[in-house]
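Since every read-out is calculated from the coordinates, none of them should be taken as a lab result. Source: prediction; values computed, not measured. Backbone-built Cβ (ideal geometry, glycine too); neighbour counts: all protein chains shown.
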Amino acid sequence: MGAEPKTPGLSQSLALSSDEALGMTSSQDRAVVKKKLKEMKVSLEKARKAQEKMEKQREKLRRKEQEQMQRKYRKTEKMTAAAEGAGEQ
């Protein structure tokens, strides 16, 4: 933990390459960061797909419930119509 380089200012950071701006000077550092970044991207993609799957399941359940409600309403409607028809006779 000797003398660590000072963090360059914003204008200096923009002038430096992205690796140098992040304080990475060795290829090993770059490889580690690249690997971690890839892991993060994969994790993010998995989370996105899981969320999409959950949304599809919710939508499917919502449609199923809606169809059941419509069937129940139609059945009740038919029973009401039949009862009214029987009452008129």
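Overview of values
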quantity: Around residue 79: net Lys/Arg minus Asp/Glu count, Cβ-Cβ under 13 Å; calculated: +3
quantity: Stretchable slack from residue 84 to residue 41, in nm (0.36 nm times residue separation minus alpha-carbon distance); calculated: 9.1 nm
quantity: Rounded to the nearest 20 debye, dipole of segment 20-86 from Cβ charges on Lys, Arg, Asp, Glu; calculated: 260
quantity: From phi via Karplus (6.51, -1.76, 1.60), per-residue ³J(HN,Hα) for segment 34-42 in Hz, x at Gly/Pro; calculated: 4, 5, 5, 5, 4, 4, 5, 5, 4
quantity: Filtered trypsin sites (Lys or Arg not before Pro), segment 24-76: DSSP coil and at most 12 other beta carbons within 10 Å; calculated: none
